[in-house]
Amino acid sequence: MVRVKALAGVAAAAALATAADPAAAQSLCEQREAFLMRLAQTQAEAPIAIGLSATGSVIEVLASRDGNFTILVTTPSGTTCLVAHGEGWHAIGTDAKPQATL
């Protein structure tokens, strides 16, 4: 849950950053299937994590074996947008569970 909230924060920051430039925001959003196909073909990325934000958006992390990664957000209306893309992804653990916070 903590990780999902952190990713939702990243998504909100990206939305604010692109809101000032509508052309940039449009180029970062498309059909989810198109993102998945392109990232698989060009970056060898596949989904490795998924979560649901408090607003109902689906947050997905895709990564490749060489450490490239992409974070996508799909809104309840079905629009999928790129939130982040980078390199150096390292999985912490496959069975990692969030720690309770006070």
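Numerical summary
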quantity: Inter-residue pairs, beta-carbon under 7 Å, first without any contact (Cβ under 8 Å) to a residue 40 or more places away in the chain and in the stretch 39-61, second of a type in the set (Ser, Thr, Tyr) and surrounded by 13 or more Cβ atoms within 10 Å (Cβ to Cβ), 6+ apart; calculated: 39/70; 43/64; 44/64; 45/64; 45/70; 58/74
quantity: Residue in the stretch 47-64 that is part of a loop (DSSP other than H, G, I, E, B), surrounded by 13 or more Cβ atoms within 10 Å (Cβ to Cβ) and of a type in the set (Val, Ile, Thr) present; calculated: no
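Coordinate-derived values only; no laboratory data. Computed from a predicted model, the values in this text were never measured in an experiment. All Cβ positions, glycine included, derive from the backbone under ideal geometry; neighbour counts span all protein chains shown.
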